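Bear in mind these aren't lab numbers, they're just calculated from the coordinates by the rules spelled out. Note that this is a predicted model, so its numbers are computed, not measured. Glycine gets a Cβ as well: all are built from the backbone with ideal geometry, and neighbour counts include every protein chain shown.
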Amino acid sequence: MMEDDELENFEEQNDNLGNSVQRYEEMLRNHSHYFFDVDALLRIIDHYIEKAEYDKAIEVSKYASNLHPNSMHFKIKQAHLYSMVGRHNEALEMLDRLEDVNPYDIDIFIIRGNIFNTLERFEEAINNYTRALEFAEIKDELLFCIGASYQNILNYHEAIRYYKASLKENSNHEMAMEELTACLGLTGRLEEGIIYFQKLIDTNPYSYLAWYNLGDLFLKTGKYDKSIEAFEYTIIIKEDFAPAYLDMGTVLALLERYDEAIAKYKASFEYLRPMP
């Protein structure tokens, strides 16, 4: 629950956003030119992005670039928005120009890497994510993106290396665990995976995701009793994690313990999110 000063600050920010958006839209209606500071314009752009009104966000970023020509924020926002609406060539051209001005801006390389991934130009994506790593303070997501790019070109060994590096930075990175387990399965390195997740659990024993992926690896190697045990620890830590109930049901069915399997399947229904 918010403290009084936090609530007051939150309400003030909402008021500022609402006033900025209203003032900007009033300007458009009046065909006028108003002055907005950098923070107000960034809030307006983010407002339209949150509402998925990307064309409006692009127009604000253009107006902001003209109003504050020395600010890189708006040009980078514009390139990002171009990439979001599929205007990849325009985004890449803009990013090239921005890199000439500021070759050390991490966002340039991240956005460009994301575009190349979308275009399935995975080697170029890897190069850009690697450049971004040079400037990153928090590295887990970039390491994951590099791993995913290697996985997309079927270089599973490099993918495994980068997923492990991502988990070294953030031992709770859900997607890194999931994709690491998949790559270990595809390369037949299941026993290596079991040892890896056991060590991960030694350092982070309350990671329900680590227990869950360990259970998955035990299942793949036919170690059913150990698999059930790992899934049970998963549920102890996170009672509402439906996949653990489902997979435990699968293991119990394989062991012909059908009544117990049915009970686990039924338990999973309590926590499965309904389809939208």
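Would you mind putting 64-71, 261-268, 210-217 in packing order, based on average other-beta-carbon counts within 10 Å, highest first?
Details: 64-71: 14.0, 261-268: 16.4, 210-217: 26.1.
The peptides rank, most packed first, as 210-217, 261-268, 64-71.
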Checklist line | Selected from Ala244, Ala165, Ala253 as most flexible by GNM, with the chain as the system and alpha-carbon contacts under 10 Å | finding: Ala253
Item checked: For the range 108-187, size of Cβ-based charge dipole, Lys and Arg +1, Asp and Glu -1, in debye -> 160 debye
Check: Rounded if a/c is under 1.5, else prolate if a/b is larger than b/c, else oblate: which is the range 75-130, with a ≥ b ≥ c the root eigenvalues of its Cα gyration tensor?
Finding: oblate
Check: For the range 200-263 and the range 62-133, what is the separation of their Cα centres, given in Å?
Finding: 42 Å
Checklist line | Candidates Lys168, Lys51, Lys238: whichever shows maximal mean-square fluctuation once the chain is modelled as a Gaussian network with Cα springs under 10 Å | finding: Lys51
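Taking the number of other C-beta atoms within 10 Å as the exposure measure, put Tyr271, Tyr48 in order starting with the fewest.
Ranked by crowding around the Cβ, least crowded first: Tyr271, Tyr48.
For the range 37-102, what does the alpha-carbon gyration tensor say about shape, rounded, prolate or oblate, given a ≥ b ≥ c as the root eigenvalues, a/c under 1.5 as rounded, and a/b over b/c as prolate? Spell out each step's value before the answer.
On the way: a/c = 2.35, a/b = 1.13, b/c = 2.08.
Here the range 37-102 falls in the oblate category.
Let me have the relative contact order for the range 189-276, percent, based on Cα pairs under 8 Å that are six or more residues apart.
Across the range 189-276, relative contact order equals 21 percent.
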Checklist line | Two-site label geometry, Glu134 and Asp46: point separation in nm, points 7 Å out along Cα→Cβ | finding: 2.9 nm
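Only counting other Cβ atoms within 10 Å, I'd like Glu124, Glu239 sorted with the fewest neighbours first.
Ordered from fewest to most neighbouring Cβ atoms within 10 Å, Glu124, Glu239 come out as Glu239, Glu124.
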Item checked: Residue exposure sequence - Phe35, Phe218 - by fewest surrounding Cβ within 10 Å -> Phe35, Phe218
Notebook entry, point to check: For the chain, which DSSP H helices look membrane-span-like by this rule: Cα extent along the axis of 27 Å or more and mean Kyte-Doolittle of at least 1.6?
Noted result: none
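Past the 30 Å Cα-Cα mark, which pairs from Lys168/Lys238; Lys164/Lys220; Lys223/Lys266; Lys168/Lys264; Lys139/Lys238? Walk me through the numbers on the way to the answer.
Values: Lys168/Lys238 22 Å; Lys164/Lys220 20 Å; Lys223/Lys266 24 Å; Lys168/Lys264 33 Å; Lys139/Lys238 27 Å.
Too far apart for the 30 Å limit: Lys168/Lys264.
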Next item on the list: Return a whole-number percent for the relative contact order of the chain, with Cα pairs under 8 Å and 6 or more residues apart as the contact set.
Entry: 7 percent
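If you place +1 on the Cβ of every Lys and Arg, -1 on the Cβ of every Asp and Glu, and leave all else neutral, what size is the dipole of the chain about its Cα centre, to the nearest 20 Debye?
Details: 27 positive and 50 negative charges, 217 e Å.
Here the size comes out at about 1040 debye.
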Next item on the list: Classify the range 189-276 as rounded, prolate or oblate, taking a ≥ b ≥ c as the square roots of the eigenvalues of its Cα gyration tensor: rounded when a/c is under 1.5, otherwise prolate if a/b is larger than b/c and oblate if not.
Entry: oblate
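In whole percent, what relative contact order does the range 19-99 give with Cα contacts below 8 Å and a gap of six or more residues?
Reported as a whole number, the value is 20 percent.
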